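Report on the following structure.
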Amino acid sequence: MKTYQERMVILKALADESRLKILMLLQIRPLCVCEINYMMDIALSTISAHLKVLKKAGLITDKKDGRWITYSLTDEAYIRKLLLLCAEGIDFSEEEKKLSSADRLMCAEKLYE
């Protein structure tokens, strides 16, 4: 059972436009930081700060895979339901189309620019 304080941490994490957009993107598929950067065009340091807040709130998990860390939504049912409510009525077709052109090869190329 969650406490009121734990729910407040979750709600505060959701109360930022960039963090909410990151979560909406992660509903499409797991992403690395470079892919999030590609989709949102904000500084990597800002993305890292947002990911830290989302992870602390228990909204996302991360998995190290070689040189990449892949972020995904938590499997917790309450969080999934909450995010479905947040996404209701939002058209993600443009994001899905743009995200289909993002991959780790793109990320690797950015490392060597």
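Taken together, the values in this text are just the output of simple stated rules run on the coordinates, not laboratory data. On a predicted model such as this, the values are computed, not experimentally measured, just so you know. In this analysis, Cβ positions are derived from the backbone assuming ideal geometry, glycine residues included, and neighbour counts consider all displayed protein chains.
Numerical summary
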quantity: Residue check, residue 60 of a type in the set (A, V, I, L, M), touching a Cys at 6+ places or on another chain (Cβ under 9 Å) and under 26 Å from residue 6 (Cα atoms); calculated: no
quantity: Residues of region 1-31 that turn out to be without any contact (Cβ under 8 Å) to a residue 60 or more places away in the chain, among the charged types (D, E, K, R) and within 15 Å of residue 76 (Cα to Cα), as a count; calculated: 2
quantity: Matching residues in region 37-63 - criterion: being under 11 Å from the mean Cα position of the chain (by Cα) and of a type in the set (Ser, Thr, Tyr); calculated: 48, 61
